[in-house]
Amino acid sequence: NYLRSYLERDIRALFPQLNTEAYRRFIKMLGVASGDLFKASSFSNSLDVSQPTVKNYLEIAEGTFLIRRLNCYAKNTKKRLVKMPKAYIKDPVITNYLLNINNIDDLRSHPSFGNLGESFIIEQIIKNLEVLFIPNVVKTRELAPGGLNGMTIKVLPVIFEENDEFDLKNSVACSRVS
């Protein structure tokens, strides 16, 4: 089991003082919340640890390449630092394991289907357009029902003009909107 090896071997070796049981619960919660806005206070309350501890856990997960953090896009750099980031587990197999998704029917009927698709697509964009893309610029806005869990995700690659963006939506077919 990859996750067990990660927690029991890698994390214990790298961070011997870390409360591995609380960190394990953090990873499980992150699987459920993967692709959502990361609210440290919610994690803190549920795990019964301080917000700085939760932020430390997030940094450990990010530093060990388990998760990716995407900051909300804003022209004003100070606003960018204040807005809540999104966090998701980079490997969809790990997320599916944490969410007990075992087949395509489980995936399609899961309440996190939109977030899982969004996470997968963003990770593929980053892998395939790495030179062109800085993965910390995401803008969200409300959508009519039928989008990704009520949200549309605007991924803004830095090489393009401000109005150019990838619009990720849950659909049976692909289309290009001009």
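Since every read-out is calculated from the coordinates, none of them should be taken as a lab result. Note that the structure is predicted; figures quoted are calculated from it, not measured. Cβ placement follows ideal geometry from the backbone for every residue including glycine, while neighbour counts extend to all protein chains displayed.
Along the Cα-to-C-beta direction of Phe113, a point sits 7 Å from the Cα; which residues of region 32-68 have their amide N less than 19 Å from that point?
32-36
Set the bar at 20 Å for Cα to Cα. Now go through Lys90/Lys127; Lys28/Lys83; Lys86/Lys127; Lys39/Lys86 and name every pair that lies beyond it.
From Lys90/Lys127; Lys28/Lys83; Lys86/Lys127; Lys39/Lys86, over 20 Å: Lys28/Lys83.
Give the shape of region 1-124 as rounded, prolate or oblate, defined through the alpha-carbon gyration tensor: a ≥ b ≥ c are the square roots of its eigenvalues, a/c under 1.5 means rounded, and otherwise the shape is prolate if a/b is larger than b/c and oblate if not.
Verdict is oblate for region 1-124.
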